[in-house]
Amino acid sequence: MASLAEIDDFPSRLLTEPAKTIAPVKPADPARLGYPVTLPIEIAMRTSGTRDVCEAYGITEEEWELIRHDPTFLGDLQRAVEMLKEEGMSFRIKAKLQAEELLKTSWRMIHNPATPPSVAADLIKSTARWAQYDVPPSQQQAAPGSGFSISINFNGEKPEMKTING
């Protein structure tokens, strides 16, 4: 499995330096919080140097200094490295990248007074569904490893149904 230190121009000292955090930002569009969601994948792909990628995103050296020390970014970068190692640049990953970028378009359309109310309503409903806000907590799937289920079958006996949550 690739490590962050194996990424071109990714200094391994970043993994041992004390973490700095990105100053809290409250943009008008929550899809633009922190750093671009596609940045860790672009860095992990190693198709361009970090400086070139940052320039393409309009990230200044000062911003990069904050981002590259951010624990959330480092975690996202590690996951991107692992995902690319397992899946390569698959259709699914490309679709994920597009979906993340399309959230910005959705936000602009929802807040544009020229957007028909029915279109804005559909976008709002879709966004809530994608975020799984429309699923009642009782129907949400538990995270792997968060519980257990045991089934015991006795041949020849009428089964007694019991549910034990753990």
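Given the conditions (1) exposed (fewer than 10 other Cβ atoms within 10 Å of the Cβ); (2) at pLDDT 85 or above, report the number of the one that Arg108 does not fulfil.
(1)
Out of region 86-126, which residues are in a helix (DSSP H, G or I) and small (Gly, Ala, Ser)?
Ala95, Ala99, Ser106, Ser118, Ala120, Ala121, Ser126, listed by residue number.
Among the residues that make up region 74-85, is at least one of them closer than 22 Å to Trp130 by Cα and either of a type outside the set (A, V, I, L, M) or part of a loop (DSSP other than H, G, I, E, B) (or both)?
For region 74-85, residues closer than 22 Å to Trp130 by Cα and either of a type outside the set (A, V, I, L, M) or part of a loop (DSSP other than H, G, I, E, B) (or both): present.
A quick yes/no check of all residues on (1) touching a helix residue (DSSP H, G or I) at 6+ places or on another chain (Cβ under 8 Å); (2) surrounded by 12 or more Cβ atoms within 10 Å (Cβ to Cβ); (3) under 26 Å from Val37 (Cβ atoms); (4) modelled with pLDDT under 80:
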site	(1), (2), (3), (4)
Ile93	yes, yes, yes, yes
Leu97	yes, yes, yes, yes
Ala121	no, yes, yes, no
Gln141	no, no, yes, yes
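The values are calculated or read from the model by the stated rules, or taken from the named source; none is laboratory data. Keep in mind that this is a model prediction, so the values were computed, not measured. Cβ sites come from the backbone with ideal geometry, for glycine too, and all protein chains shown count toward neighbours.
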